[in-house]
Amino acid sequence: MAMLRFGVAAMIGAVALGSAALAQEQLDTVATAPFPPATPDRLWVLDLAFNHLPDGRVHVIDPVTGDYMAQISSGFTGFFSFSPNGEKLYMATTYYDRLTRGNKFDVLEIYDVATLALEDEVLLPPKRAMVVTYKHMIDTTADGRFVLVQNSTPASSVTVVDIGARTVVGELDTAGCWGIIASTTVPRRFATVCGDGTLEVIDLDEQGGQAARTKTDLLFDPDEDPIFIQSDAIGDVHYWVSFQGKLVAADLSGAEPRILEPWDFAGGVDGDWRPGGYNPVAAHAGSGRVYVGMHSGGTEGSHKYPAEEIWALDLATREVVTRAPGHAALAVNVSAADAPHVFALAEGMHVVALDPANGLAEVARMEGVAETATFALAH
């Protein structure tokens with residue numbers, strides 16, 4: 001018993017001495033590093049995280065310098081877009097209170113792009129489209145007033161959020177149409193692609209309700225040559241590619257939206273080349289060029305094939321001016337700089353930076369950026 005009492009006393013003494021030492025030692029403080037300033041080649045890669053869907057994320061990188069800048073959560077199949085002035089990021093996403101079950105919450109999250117701080121969130125109606133990461137599932141009107149979110153119940157509709165008031169102000173029926181392509185010049189206008197080959201163009205009033213709705217002429221033939229919903233714009237002219245290799249376009253700026261003359265850029269090229277991937281088209285305003293991921297031996301159903309080549313299309317001359325290795329790209333994007341880089345988001349989840357001034361030669365590569373990403377935006 002004496003030995004036991006001695007051992008307990010020694011232990012208490014050691015703990016007391018250790019506590020005194022800890023009290024005197026300055027403990028490290030865990031903090032978050034500030035978000036680095038924007039670079040000309042900053043890229044936001046949306047990772048669906050297919051093997052653990054409730055845990056999606058956005059990777060913020062600079063593929064040219066190789067810097068991994070930040071990561072934010074995108075929840076369960078979230079989608080994001082930027083405000084017209086580039087200062088806010090809007091994320092439409094879903095959470096369950098038991099991770100994969102329980103009460104479902106669809107929300108619109110508002111982030112400050114300069115700091116990545118979460119500023120606020122708006123509860124959405126529980127009908128947000130939960131699909132693979134395509135472009136045009138969320139967009140913002142040109143005046144920055146309304147954020148538009150694609151719904152699927154499975155009927156198609158669009159939720160309208162007044163971003164200043166931080167509240168949902170309405171829902172617009174878009175039956176038979178899909179995607180949200182906001183005009184860049186008309187303050188409260190957006191288009192949606194319809195199954196009959198037209199665009200439906202909707203103008204909002206000051207309260208976010210429907211002020212006008214217009215049906216365009218035929219943009220594409222849905223039976224003979226469907227298009228990828230994903231598009232990119234130069235000014236307020238929006239460009240899509242068709243499954244068989246046509247470039248089609250619509251100008252949303254006028255009082256009456258206008259369909260432009262299509263260009264069969266793959267026609268007559270040996271090898272049955274067709275566009276492919278998940279987000280296969282990107283446009284650069286300064287050079288007037290459109291970049292498309294292409295694969296050979298195209299057939300019915302090959303429209304998701306990764307790119308064997310990336311083609312540069314010159315809009316002024318209507319020529320394919322560059323054909324370069326495609327790096328198995330599932331998505332292509334281009335920076336807005338005067339001397340831009342094109343980014344190939346590859347099937348192996350690395351990002352390759354390409355130089356348009358040098359025949360789309362590879363200038364840099366970042367390996368293992370994401371797990372299952374199919375969408376990226378330079379910003």
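General remarks:
- Matching entry among THR32, THR65 (being at pLDDT below 80, open to solvent by 60 Å² or more (accessible area, probe 1.4 Å) and either among the acidic types (Asp, Glu) or not in a helix (DSSP H, G or I) (or both)): THR32
- Condition met for ALA233 (small (Gly, Ala, Ser), under 20 Å from the mean Cα position of the chain (by Cα) and crowded, with 20+ Cβ neighbours inside 10 Å): no
- So PHE146, is it surrounded by 14 or more Cβ atoms within 10 Å (Cβ to Cβ), without any contact (Cβ under 8 Å) to a residue 24 or more places away in the chain, among the hydrophobic types (A, V, I, L, M, F, W, C) and in contact with a Leu (Cβ under 8 Å, 6 or more places away or on another chain): no
- Test: residue in the range 201-220 that is part of a loop (DSSP other than H, G, I, E, B), surrounded by 22 or more Cβ atoms within 10 Å (Cβ to Cβ) and on the phi > 0 side of the Ramachandran plot: yes
- Boolean, VAL241 is aliphatic (A, V, I, L, M), farther than 27 Å from SER287 by Cβ, within 19 Å of the chain's Cα centre (by Cα) and not in a loop (DSSP other than H, G, I, E, B): no
- Taken over the range 161-194, the criterion of being buried (at least 23 other Cβ atoms within 10 Å of the Cβ) and touching a Gly at 6+ places or on another chain (Cβ under 7 Å) is satisfied by THR192, VAL193.
- Filtered residues of the range 35-62 (kept if more than 30 Å from ARG101 (Cβ to Cβ), in contact with a strand residue (DSSP E or B) (Cβ under 9 Å, 6 or more places away or on another chain) and either among the β-branched types (Val, Ile, Thr) or in a loop (DSSP other than H, G, I, E, B) (or both)): PHE35, PRO36, THR39, PRO40, ASP41, ARG42, VAL60, ILE61
- In the range 68-116, of all residues being in contact with an Asp or Glu (Cβ under 9 Å, 6 or more places away or on another chain) and on the phi > 0 side of the Ramachandran plot, the one that is least open to solvent (accessible area, probe 1.4 Å) corresponds to GLY75.
- Scanning the range 337-375 for residues being among the acidic types (Asp, Glu) and under 20 Å from the mean Cα position of the chain (by Cα) gives a total of 3.
- Screening TYR95, TYR68, TYR90, TYR111 for residues that are farther than 29 Å from HIS350 by Cβ and hydroxyl-bearing (Ser, Thr, Tyr) leaves exactly one candidate, TYR95.
- Pairs meeting the criteria (first residue in the range 100-113 and in contact (Cβ under 8 Å) with a residue 60 or more places away in the chain, second residue surrounded by fewer than 18 Cβ atoms within 10 Å (Cβ to Cβ) and assigned to a loop (DSSP other than H, G, I, E, B), beta carbons under 9 Å, at least 6 apart or on different chains) are VAL113/PHE35; VAL113/ALA38; VAL113/SER83; VAL113/GLY86; VAL113/GLU87; VAL113/HIS379.
- Counting only residues that are more than 26 Å from ASP55 (Cβ to Cβ) and open to solvent by less than 20 Å² (accessible area, probe 1.4 Å), the range 353-373 holds 4 of them.
The values are calculated or read from the model by the stated rules, or taken from the named source; none is laboratory data. Every value quoted in this text rests on a predicted model; they were computed, and no experiment measured them. Cβ coordinates were reconstructed from backbone atoms using ideal geometry, including for glycine residues, and neighbour counts include every protein chain displayed. When the accessible area is computed, the model is the full protein with side chains, heavy atoms only, and any ligands, DNA or RNA have been set aside. Shrake-Rupley method; radii C 1.70, N 1.55, O 1.52, S 1.80 Å.
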